[in-house]
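Structure, as structure tokens:
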Amino acid sequence: MDPLGTGVARRHVRGDRRIPSAGPAARFVRTPRLAAYPPAGAGTPQQPDGGAPRRGTYVIPYSDRRLDAFGGYQSGMPSPGYYRWLWRGDAASAAEAAVRGVVARLRTAGLPVSSADLVAAGTLSRGLADLRGHRTPSRTDVLDGLVGALIADDLPAPPPWITRGAIADGAHPAITAMVQVLTGDAVGRLHPDTPTPPLVGAVEAELAALGLSDGEHHLDLGDPRDQRRSAALHRLRILGIPGPRLDDGLGSVTHVRLAERWTLRRGDDWRPALIEAGAHGPGPAEAAAFVLRDRLHDADLAALAGVLFDALLCALGDLVADVLGGATGLIDSAHDLAGLARVGRTALALWRHGEAFAAAHETALLALAAAAADHAADLLYDTVHGGRAPEGAGEAVVLIRDLARHGDRADRTDLIGDVAALAVSSAPRSCAARAQASAGHSAPSTRPPRPPGAPAPTVSATG
């Protein structure tokens, strides 16, 4: 922890290298190298054209909660609030402050803590200190004494100060209160003139220009201004910035709504998170694109569908085009019916709402959905004459159904015939009956299964 009590840590980012910094609270995020270093003896490197270099040293304000090892920061210190009391006083005063804080927290939460419990906790803490050879009760002596005095139930897991790990989900309320009180609530602050990465100013300027202040925002995605506001908030979501919360609107990648409801609250973690995200790019669009491209490495079809959805919500047109091209190449060699169904239904849902998300990509989206449905039908036809339905068969049949219902009407009959043929087959029978019914047919089709090697039904991208 910062010995001067300023509550800040330094990060030095230079190209894509990670350079150690002073203090245990600094974490590093890789950033693309702007220009290669010249060979030895080549002289001083020149500043590249195009603005300021994407490298620098920035001070990050930190808080006790982010520094606490029990919060998941493995390089952090346990109970930084307790050690602040110890630094400013002595072990006895730190122990007293810890007990007083835990009791106040539990009583505020409505949990009974009697005076007898306090006497028992003090007695146990002093007894453990004597047993362990401590002159005065230490932090673990105080915590263990409180556990012995306040908790009569069996604990599902050891307390975090024993395992040196994060507090477990479903921990006893008393354990949670102890960890929170000893963590502390101090927050570091930066001087207003402290330099920050370009991303910080870019985000603040964009939010101000779009009228996105703290509070609740209802967005109509049919309105161009609200589309820009939605894209700005989704970019912050992709960057993991605490503050914007999507309360309603997306549903799933296959149920897109044309309205969103967001809540924006910029708390103590807002600025530190923006400074850290500045390693990804100078602006919100560039930074979000960097994060999404990083998700593309070794991505399967299902993961690629998620990237496609997020890229369109963030209005990252170049990335959308790259993802569409990559998905088309993966489909031809795919054997994952569930992945085919996910990417196909995602593309189809976004095509149906192209006026709000992807007007420039409508043709490619429908072609991608049709390619996924065609290949899924080919895979399903290999199993329609017996045996168990392959994994993902139900999702694939639903994709064919959805494309028949919402795609180009010119080939609707052929696709519905595919659904009907699959519905009366023995393999995916358990999952295709409702798809056949919802496709608009009350009786099974007599269309025979497509023979091996026969061309798959196609959907035009003009509807």
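For region 60-191, build the charge dipole from Cβ charges (+1 Lys, Arg; -1 Asp, Glu) around the Cα centre, then report which of S114, S63, L124 sits farthest towards its positive end.
With unit charges placed on the Cβ atoms, the residue in question is S63.
Set the Förster distance to 41 Å, then compute FRET efficiency between R265 and H134 from the Cβ-Cβ distance, nearest 0.05. Mind showing how you got there, number by number?
Numbers: r = 43 Å, r/R0 = 1.05.
The formula returns an efficiency of 0.45 here.
Could you rank the peptides 339-349, 265-275 by their average count of other C-beta atoms within 10 Å per residue, with the highest value first? Before the final figure, lay out each step's value.
Working: 339-349: 26.9, 265-275: 17.9.
Highest-to-lowest ranking by the protection proxy: 339-349, 265-275.
Enter the Cα centre distance for the pair region 141-169 and region 173-187, rounded to the nearest angstrom.
With region 141-169 and region 173-187 each reduced to a Cα centre, they are spaced 13 Å.
Please arrange Y58, Y82 by accessible surface area, largest first, computed with a 1.4 Å probe and ligands excluded. Present the calculation step by step, with values, prior to reporting the outcome.
On the way: Y58 55, Y82 5 Å².
Heavy-atom accessible area, descending, gives Y58, Y82.
Give me the percent of Cα-Cα pairs in region 286-341 that sit more than 13 Å apart, rounded to a whole number.
On the way: 850 of 1540 pairs.
Across region 286-341, Cα pairs with separations above 13 Å total 55 percent.
Once you have the Cα-Cα distance between T108 and D294, take 0.36 nm times their residue separation minus that, and quote the gain in nm to one decimal.
62.5 nm
The values are calculated or read from the model by the stated rules, or taken from the named source; none is laboratory data. Remember, it's a predicted structure, so these values are computed and weren't measured experimentally. Reconstructed Cβ throughout: ideal geometry from the backbone, glycine too, with neighbour counts over all protein chains shown. Protein only, heavy atoms only, side chains kept; ligands, DNA and RNA dropped before computing areas. Shrake-Rupley method; radii C 1.70, N 1.55, O 1.52, S 1.80 Å.
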